[in-house]
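The values are calculated or read from the model by the stated rules, or taken from the named source; none is laboratory data. Fair warning: this is a prediction, and the values are worked out from it, not measured in the lab. We place every Cβ from the backbone using ideal geometry, glycine too, and count neighbours over all the protein chains shown. Side chains are part of the model used for accessible areas, which takes the heavy atoms of the whole protein and leaves out ligands, DNA and RNA. Shrake-Rupley method; radii C 1.70, N 1.55, O 1.52, S 1.80 Å.
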Amino acid sequence: MHNIKDKQLIKHFSYINGSWHSSETNIDVLNPATGELVASVSNAGVVETEMAVKAAKKALKAWSNKPANERAKLMRTWFDLMMANQDDLGRILTLEQGKPLAEAKGEIAYGAAFIEWFAEEGKRVYGDTIPAPANDKRIIVIKQPIGVVAAITPWNFPNAMIARKAAAALAAGCTFVVRPATQTPLSALAMAELAERAGIPAGVFNVVVGSDAKAMGKVLTEHPDVAKFTFTGSTAVGKALISQCASTVKKVSMELGGNAPFIVFDDADIDAAVRGALASKYRNAGQTCVCTNRIFVQQGVLTEFTEKFVKAVQTLSVGNGLSAGVTIGPMISVEAVTEVANLVEKSVQAGAKVVLGGQQGCDSTSANQNFYQPTVLTSVTNDMPIAQNEIFGPVSPIIAFEEEAQAISMANDTEFGLAAYFYARDIGRIWRVAEGLEYGMVGINEGIISNAAAPFGGVKQSGNGREGSKYGLDDYLEIKYLCMGGLDK
Ligand code: ADP
């Protein structure tokens with residue numbers, strides 16, 4: 001199939017307790033670029049989800065008792081295998097998700113980097129000693145793995161959204177159960193195959209694929225043996241899952257929606273801003289939670305930026321992600337395209353102008369309606385639907401502004417607070433704006449900010465917890481305070 005060298009990487013069953021489980025019905029995984037069947041995968045449900053939690057619970061003791069350097073060796077082998085199979089894993093990812101192959105291979109390297117990074121960081125789970133208020137006592141703090149971790153992940157990064165969570169969890173000494181999105185289970189199952197080849201013990205990393213998200217989600221959020229729940233997806237679903245976790249007071253971390261502002265000030269390097277905006281907006285056809293959602297441009301550079309940006313967007317090439325030279329693949333589904341088209345239409349009715357794109361479909365390679373042309377809108381205001389909603393598609397709304405304070409205020413005028421970007425050279429302005437933006441991550445003269453060493457996460461209704469960096473490990477650890485008394489003679 002499509003030049004996959006190692007056919008054993010295409011798996012059709014859930015991976016539970018170190019073995020592959022078939023179910024009675026199947027889920028068809030379709031290529032969003034062509035509509036063709038990529039593979040059928042067994043449709044697991046509540047029973048299999050419970051089995052996976054049980055397996056993770058059983059494996060917990062041995063895994064958490066392993067010295068961190070032994071866990072690190074196994075994780076390092078997992079990382080090596082992912083990189084050795086980067087081409088196959090990238091192709092599988094493009095087939096089920098649609099993003100261009102170069103981007104898909106980039107995602108494999110990005111996801112694997114978290115495994116490599118956390119394997120090392122797991123050796124540095126340091127405790128503390130704290131001066132005690134009395135001479136006969138000592139205060140010691142140790143950190144321990146929280147226990148079984150359950151995760152639900154989305155389709156936009158079928159590998160990396162799992163790797164980011166599993167890497168930190170496994171390094172901390174936790175065991176892991178993930179339910180990947182049903183549109184993109186093959187990348188998750190390929191990771192399980194490589195985890196097995198790496199020697200990660202049965203029950204430590206489990207993948208349960210099933211279409212009944214609600215019922216499986218209920219098990220993962222309410223099961224008393226799950227200590228921590230982690231989710232990446234929409235804010236609406238995240239809120240429901242947080243409340244489900246309340247019944248057992250689980251620790252939660254949430255990576256939810258965004259509405260990223262991208263601000264270009266008069267003193268910016270405009271060519272650099274154009275490159276940054278292009279990268280942060282059109283990656284994955286605009287389907288990431290840190291994608292630029294609103295471009296604010298100061299009046300003095302509005303014409304120059306808009307002209308150069310439109311020219312740059314015209315160079316993007318839409319098509320099947322496996323074709324050479326394609327930089328924008330299909331969106332995940334025709335429903336997703338329709339939602340984007342509706343946002344554009346409503347905003348045009350409210351006064352926005354389409355200066356580029358604005359059409360559904362892919363001209364050259366396919367009549368498939370899963371495509372949407374890279375689009376630029378001008379004369380947009382911050383109250384239009386395109387600025388108030390997470391677009392999750394390849395559309396750039398450009399909003400003009402006069403003053404620095406006005407840009408910060410408009411940028412913050414949203415319930416979301418994930419990523420923000422701005423371009424400026426004045427050092428005073430850089431500090432004022434960086435500190436004024438109510439976001440978990442700020443790219444300053446930079447459009448691509450995520451990596452394993454940095455803390456990824458949001459504020460406000462974009463979620464809580466961090467993925468990546470030393471802070472990311474804390475989400476999978478409990479702090480235990482030991483008070484040693486009776487030390488006086
Ligand atoms: P997206 O727009 O990325 O699909 P969702 O929040 O709808 O965002 O989905 C993210 C993940 O959550 C997917 O794996 C999806 O199947 C799952 N999901 C959706 N609704 C629920 C639910 N009610 N309970 C548990 N999981 C859900």
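Within region 222-238, how many residues are over 12 Å from F176 (Cα atoms) and under 17 Å from the mean Cα position of the chain (by Cα)?
The number of residues fulfilling the criteria is 8.
Within region 29-73, track down each residue that is closer than 30 Å to S323 by Cβ, among the aliphatic types (A, V, I, L, M) and part of a loop (DSSP other than H, G, I, E, B).
Restricting attention to region 29-73, the residues satisfying the condition of being closer than 30 Å to S323 by Cβ are 29-41.
If we keep only those that are among the aliphatic types (A, V, I, L, M) too, we end up with 29-30, 33, 37-39, 41.
Scanning region 29-73 gives a single hit, A33.
Which pairs do you get when a residue that is open to solvent by 40 Å² or more (accessible area, probe 1.4 Å), found in region 212-235, comes within reach of a residue that is within 9 Å of the ligand (Cβ to nearest atom), reach meaning Cβ atoms under 7 angstrom, with the pair 6+ apart or on two chains?
Between residues of region 212-235 that are open to solvent by 40 Å² or more (accessible area, probe 1.4 Å) and residues that are within 9 Å of the ligand (Cβ to nearest atom), the close pairs are K218/Q244; E222/Q244; S234/L256; S234/G257.
Let me spell it out: the conditions are (1) aliphatic (A, V, I, L, M); (2) open to solvent by 10 Å² or more (accessible area, probe 1.4 Å); (3) within 11 Å of the ligand (Cβ to nearest atom), and A202 meets all of them except one. Which number is the exception?
(3)
So A169 ticks every box in (1) closer than 19 Å to A113 by Cα; (2) in a strand (DSSP E or B) but one. Which box is left unticked?
(2)
Which is more than 14 Å from the ligand (Cβ to nearest atom) and under 30 Å from V313 (Cβ atoms), of D225, D267?
Checking each option against the conditions leaves just D267.
Among V301, V355, V348, which is the only one that is of a type in the set (A, V, I, L, M, F, W, C) and open to solvent by less than 20 Å² (accessible area, probe 1.4 Å)?
Answer to the check: V301.
Could you check P185 against (1) within 29 Å of W78 (Cβ to Cβ); (2) surrounded by fewer than 20 Cβ atoms within 10 Å (Cβ to Cβ); (3) within 14 Å of the ligand (Cβ to nearest atom) and say which number it fails?
If we test P185 against (1) within 29 Å of W78 (Cβ to Cβ); (2) surrounded by fewer than 20 Cβ atoms within 10 Å (Cβ to Cβ); (3) within 14 Å of the ligand (Cβ to nearest atom), just (2) comes out false.
So which residues in region 236-285 are assigned to a helix (DSSP H, G or I), open to solvent by less than 40 Å² (accessible area, probe 1.4 Å) and either farther than 27 Å from G98 by Cβ or β-branched (V, I, T) (or both)?
C245, I270, A272, A273, V274
Please work out if L343 is within 16 Å of the ligand (Cβ to nearest atom) and either of a type outside the set (V, I, T) or surrounded by 18 or more Cβ atoms within 10 Å (Cβ to Cβ) (or both).
So L343 fits the description; yes.
Limited to region 230-245, what total is found for residues that are hydrophobic (A, V, I, L, M, F, W, C) and more than 10 Å from the ligand (Cβ to nearest atom)?
So the answer is 2.
Looking for whichever is open to solvent by less than 10 Å² (accessible area, probe 1.4 Å), away from the ligand (no atom under 16 Å from the Cβ) and closer than 30 Å to E404 by Cα here; the options are F296, F371. Which one fits?
Going through F296, F371 in turn, the sole match is F296.
Being within 16 Å of the ligand (Cβ to nearest atom) and either surrounded by fewer than 24 Cβ atoms within 10 Å (Cβ to Cβ) or of a type outside the set (S, T, Y) (or both) is the requirement here; does K99 meet it?
Yes; evaluated as a whole, the condition is true for this residue.
Restricting the first residue to region 246-272 and requiring it to be β-branched (V, I, T), which pairs with a second residue that is in a loop (DSSP other than H, G, I, E, B) meet a Cβ separation below 7 Å and a spacing of at least six or different chains?
Within 7 Å, the pairs are T248/P224.
For region 146-165, enumerate the residues that are in a helix (DSSP H, G or I), of a type in the set (A, V, I, L, M, F, W, C) and within 15 Å of the ligand (Cβ to nearest atom).
Of everything in region 146-165, those that are in a helix (DSSP H, G or I), of a type in the set (A, V, I, L, M, F, W, C) and within 15 Å of the ligand (Cβ to nearest atom) turn out to be A160, M161, I162.
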